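Worksheet: one structure, shown below.
The values are calculated or read from the model by the stated rules, or taken from the named source; none is laboratory data. Fair warning: this is a prediction, and the values are worked out from it, not measured in the lab. All Cβ positions, even for glycine, are placed from backbone atoms using ideal geometry, and neighbour counts span all protein chains on display. For the accessible areas, the whole protein counts, side chains as well, though only heavy atoms, and no ligand, DNA or RNA atoms are used. Shrake-Rupley method; radii C 1.70, N 1.55, O 1.52, S 1.80 Å.
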Amino acid sequence: MPFMEGFAPGTDGARFGVALGGGTARAYAHIGALRALERHGHRPTAIAGTSSGAVFGAMYALGTGTAELERFARELEAATVWRLALDPGLGQAALVHGRRLEAWLDRTVFGGAVFADARLPLAVACTDLGTGELVVMRDGSIARAVVASCALPGVFAPVLDGTRALVDGGFVESVPFAALAALGPWKPLGIHAGIDVRRARLIALVRTLHTTAAGRATAAWFGRRRGRNPWSRLGRGLTLAVASYERSIEAPPGGWLVTTRPPIAWLDFHRSADAIRAGAQAVDAAFEGGGLAAWLEDAPSEGGRT
């Protein structure tokens, strides 16, 4: 993957870090958001990503320019995505094992890179399936960390890391501000490209079921499961997923959150242009009337959101 010529992050504006949330195909919006930041004269000094946001965050941290990121998104064919999915993981209580995805990312996207190769400080957010706690990956294979961060229970098998089983980092925090904080005292700018849990009908249904006696009892039973067999892990993962839908998405004190609204569904990989445009528009709006420019320049004590 080509790198940016003369890449010098953080030297042409305020020193700040970017936290990129998930969203599957909707996360293409991050490309537009990064491009808009650069157009306004600001490049991040550090990057944290979770789930699909970890893919683009890692590519950017390794030095891939936004034009190349956009080309990658445009040329990624749906057939390639589905071919990578033909890696049955039923023995791990998942549709997809993830080994093909990891090998493809390592070979084609990251070129075998490890975290030490990154030109920007990089953190990838994962969730410890056993404890439900945040795990911040900062060393070793970038591809393996990214696959762990994308491991949605029932869809992708957990990634085993010693005694831990790692899954989607969005279960702890949809936008990985905490993982970004592990990199240093940068001003935190979050980009949210996932679903709006307040508007999604399926999430509303899950929330409703979770408030019933049967729903609470089922969640409690799965939450107590600590077995290491795949089906126990699946139940535990689904419980963490439901719990994550109850959390609001907010910037930490002194931080800023930009919410993009890509007009596409999770699996609309063929509509990358629409998502990229939405990301750029959201950041442009934050600069033009939302106060983001002043926040970057003045480091206010109170956070904001647009």
Residues 63, 57, 17, 23: which one is crowded, with 24+ Cβ neighbours inside 10 Å and at positive phi? 23
May I ask you to list the residues in the stretch 124-151 that are among the aliphatic types (A, V, I, L, M) and open to solvent by less than 40 Å² (accessible area, probe 1.4 Å)? 124, 125, 129, 135, 137, 142, 143, 145, 146, 147, 148, 151
In the set 275, 286, 282, which member is open to solvent by less than 50 Å² (accessible area, probe 1.4 Å), more than 19 Å from the chain's Cα centre (by Cα), at pLDDT 95 or above and under 15 Å from residue 193 (Cβ atoms)? 286
Can you pull out every residue in the stretch 72-123 that is assigned to a loop (DSSP other than H, G, I, E, B), surrounded by fewer than 15 Cβ atoms within 10 Å (Cβ to Cβ) and modelled with pLDDT of 70 or more? 77, 111, 112
